[in-house]
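> Below is the structure I would like to discuss, written out as C-alpha cells.
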Amino acid sequence: MAPMVRLHKATMPMLSLFVFFTSMWYLGGVSMAVESTKFNKVFFDDVEPIKVEDPLAVVLGAMDKGEPLVYTYGDAVKMAGHSCPAISGTYKMTQLALKRLYPDKTPVRGEIKVKFRGGVEDKVNGPISQVVSLITGAAPESGFGGLGGGRYNRKNLLTFDETAAPPADCICSVVFERMDTGKKIEITYSNYMLGGNPKMGELMPKAVGGKATNAEQKEFGELWHERIKTILFNPPEGMFVIKELN
C-alpha cells in the first residue's frame, strides 16, 4: 500500500483554490481573459461609434435580431494599421453619410451601395475604401457572393467610377445609396483647410525614418493627432459637403 502523503497546513488554502478554479474551468465558469488593443490615444474612446444592423449576422446565428454591430474609430485604425487624416476623415464621412441616408432608423449593413469617383488608384481611394467597406459591408469583386442564389450578397456593392473624376482639391468624393429606397447622396471630403504645427515638418522625417528619439516620436504622434481630433470632433465648414442626388 502506498504511503499517505501529509500536506502542510500552509499548502491547504492554495490547494483548495487550485481545485476550485480547475473545477470551474471544466464547468465553464471561468473564461480566459481576452486581450484588447492598447492604443496610446485616450480620445479614441470618445469618438462617436457607428451602429449598424446586419441581417446576415442574425441569420447565421452570430447575433440576436435587433442587436447592432458597433464599429469604433479604433476598429478603423486596426483595419488600416494606422491613424491619419485620410482614415479619420473616411470614418467621419461614412458616419455622416449613414446619418443622412437613415435619419430615422439604424443603417442596414449589406444593403448600401458605394461608388467612389475616380479609379481605385486615384488619390487614396483604394486604402480608404476598405474603411467604408468595413462599416457598410459593401465590397468590391472579392466580396461575399451571398447565400442561396445571392441573398445577402456584398460582392460588387463597392465600385469605382473611372469616368467621373473627383474635385482636384478633395481627398475623395463618394456616392452612398440605400438599396431598399434608392435614396442617394454624394459626400465630398476635403482637408486642405486643416492647419498643422510647423514642428511636424521637422519631426516627421525622423519619425518615419526610424531616427527619432522616444521623446521626439511621442511629440510627433501628439502633433499628428491634433489634426485628427479636429476631423473627428470639430470638422470646419466645408470639410464634409453632402449633396442629395434624388
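> Output the number of the condition that Y152 fails; it satisfies all remaining conditions of (1) free of Cβ contacts under 8 Å to residues at least 24 places away in the same chain; (2) farther than 28 Å from G238 by Cβ.
Every condition holds for Y152 apart from (1).
> How about region 128-137: which of its residues are without any contact (Cβ under 8 Å) to a residue 40 or more places away in the chain and in contact with a Phe, Trp or Tyr (Cβ under 9 Å, 6 or more places away or on another chain)?
Across region 128-137, the qualifying residue is only S129.
> Give the residue that is modelled with the lowest pLDDT, with candidates limited to residues of region 179-210 that are loosely packed, with under 12 Cβ neighbours inside 10 Å and closer than 26 Å to F233 by Cα.
G195
> Within region 152-170, can one find any residue that is outside any loop (DSSP other than H, G, I, E, B), among the polar types (S, T, N, Q) and crowded, with 22+ Cβ neighbours inside 10 Å?
The answer is no, given that none of the residues of region 152-170 is outside any loop (DSSP other than H, G, I, E, B), among the polar types (S, T, N, Q) and crowded, with 22+ Cβ neighbours inside 10 Å.
> Something else now. For the structure I just gave you, tell me whether E222 is of a type in the set (D, E) and either closer than 26 Å to G119 by Cβ or surrounded by 15 or more Cβ atoms within 10 Å (Cβ to Cβ) (or both).
In short, no.
> Still on this structure, I have one more. Among the residues of region 104-127, write down those that are small (G, A, S), more than 14 Å from F176 (Cβ to Cβ) and in contact (Cβ under 8 Å) with a residue 12 or more places away in the chain.
Across region 104-127, the qualifying residues are G118, G119.
> Checking the condition part of a loop (DSSP other than H, G, I, E, B), surrounded by fewer than 21 Cβ atoms within 10 Å (Cβ to Cβ) and in contact with a Leu (Cβ under 9 Å, 6 or more places away or on another chain), which residue from G143, G119, G149, G110 passes?
G143
> List every residue pair whose Cβ atoms lie under 9 Å apart, where the two residues are 6 or more positions apart in sequence or sit on different chains, the first residue falls within region 34-50 and is touching a residue at least 40 places away in the same chain (Cβ under 8 Å), and the second residue, located anywhere, is loosely packed, with under 11 Cβ neighbours inside 10 Å and outside any helix (DSSP H, G or I).
Note: pairs meeting the criteria are I50/V70.
> Now for a separate question. So which residues in region 55-83 are in a loop (DSSP other than H, G, I, E, B) and more than 8 Å from the chain's Cα centre (by Cα)?
Within region 55-83, L60, G61, A62, M63, D64, K65, G66, E67, P68, G81, H82, S83 qualify.
The values are calculated or read from the model by the stated rules, or taken from the named source; none is laboratory data. What you see is a predicted model; the values in this text were computed from it and never measured. Cβ coordinates were reconstructed from backbone atoms using ideal geometry, including for glycine residues, and neighbour counts include every protein chain displayed.
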